[in-house]
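Chemist: Sharing a structure with you now.
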Amino acid sequence: MENSALDLKPLDEILDELADQYGSMISILQRTQEVYGYLPMDAIYHISERTGVSPAKIMGTATFYAQFRLQPIGKYLIMLCKGTACHVNGSDAIGDVISGELGIENGETTEDGLFTLEYVACLGCCSLSPVMMINGETYGQLDGKKAVKIINDYRKKEAAQ
């Protein structure tokens, strides 16, 4: 069932440490996602084999918590805050502009694999609202025009490489 292209050595290191610990499934999934950027199905099956937990139960956990992804993300993860301060200051309109610019909706990745758009409940930067983060870099006091300029700056950076 496993894809030989997936290097399971890093996962085995995680499982060597955590597989026998009761209640460690969330930690296993978090660390697996850190390694691969998402939760590949081959990893789910490998975790199941090593822990004795059925793939269905693992998937139940992975799909219950919003922090887990079952698909790869783009090179640049755009997290747009939808918390109260950002919402009140126009994050919905900014989300519409970003979606239009990239041709994707929340949770989707551009065809070129560069950008993934993800709406989040709060980024903890309320004084900068509305705010987005791209790979951990914070951009605040946004409007649609500023958001598009930031995205285009990332595109230019990619084109220059």
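The values are calculated or read from the model by the stated rules, or taken from the named source; none is laboratory data. Note that this is a predicted model, so its numbers are computed, not measured. All Cβ positions, glycine included, derive from the backbone under ideal geometry; neighbour counts span all protein chains shown.
Chemist: Return the pairs, sorted by first residue and then second, in which the second residue is loosely packed, with under 11 Cβ neighbours inside 10 Å and of a type outside the set (D, E, K, R), the first residue lies in the range 58-72 and is at pLDDT below 90, the beta carbons are less than 9 Å apart, and the residues are 6+ apart or on different chains.
Modeler: Short answer, once both residue conditions are applied: 66/121.
Chemist: Do you know which residues across the range 125-141 are of a type outside the set (S, T, N, Q), touching a residue at least 40 places away in the same chain (Cβ under 8 Å) and more than 15 Å from residue 84 (Cα to Cα)?
Modeler: 133, 134
Chemist: Across the range 40-59, what is the total count of residues that are exposed (fewer than 11 other Cβ atoms within 10 Å of the Cβ) and part of a helix (DSSP H, G or I)?
Modeler: 1
Chemist: Within the range 93-126, can you find the residues that are β-branched (Val, Ile, Thr) and either in contact with an Asp or Glu (Cβ under 6 Å, 6 or more places away or on another chain) or more than 18 Å from residue 140 (Cα to Cα) (or both)?
Modeler: Listed by number, the residues that qualify are 104, 109, 110, 116.
Chemist: Further question: Any residue that is buried (at least 17 other Cβ atoms within 10 Å of the Cβ), over 13 Å from the mean Cα position of the chain (by Cα) and without any contact (Cβ under 8 Å) to a residue 60 or more places away in the chain - is there at least one of those in the range 115-124?
Modeler: The answer is yes, given that some residue of the range 115-124 is buried (at least 17 other Cβ atoms within 10 Å of the Cβ), over 13 Å from the mean Cα position of the chain (by Cα) and without any contact (Cβ under 8 Å) to a residue 60 or more places away in the chain.
Chemist: Continuing with this model, one more query. Can you find a residue that is without any contact (Cβ under 8 Å) to a residue 40 or more places away in the chain, outside the structural domain of residue 32 (by TED's automatic domain parsing) and farther than 25 Å from residue 38 by Cα anywhere in the range 104-114?
Modeler: no
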